[in-house]
Amino acid sequence: MSEQKPGAPKVLVVGSRACAPVEELFVRAGYYVVMVDDGVAAVKRARHESLRAAVLISIGRGMDLAETALTLRDIVPSLEIIILTDRKPVEETAAQADAVLRAIPKAKILTQSELNSYL
């Protein structure tokens, strides 16, 4: 993996499953990546770190996708929210992502391939 630069803008990657390819995309794009396993840990980090964006891949237990995204946005109003999903998300994830988009219209829902193009 490329070396992370401590002064680079920080991106919070929230994933309870392997997220190394996503981390690598952001590092190559010049970001410093902070990895956490779940929404609860993401909220704790957001309270204490200056973050540019949050990428929600899988949020584990304790908080669902919508609650995690909305709480992060409440803590850091300027935070860019990116929800990374499979091409055909499961029904529950799709409903939560729709709820996030209604509350945070500028949030992005992308596949990993689309994220690569976005960066």
Sulfur and carbon atoms: percent of accessible area, the chain [1.4 Å]: 48 percent
Number of Lys pairs (Cα under 22 Å; 8 or more positions apart or on different chains) in the chain: 5
Debye, to nearest 20: dipole size of the chain, +1 on Lys, Arg Cβ, -1 on Asp, Glu Cβ: 300 debye
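The values are calculated or read from the model by the stated rules, or taken from the named source; none is laboratory data. What you see is a predicted model; the values in this text were computed from it and never measured. Virtual Cβ from ideal backbone geometry, glycine too; neighbours counted across all protein chains shown. Note: areas computed on protein heavy atoms with side chains; ligands, DNA, RNA excluded. Shrake-Rupley method; radii C 1.70, N 1.55, O 1.52, S 1.80 Å.
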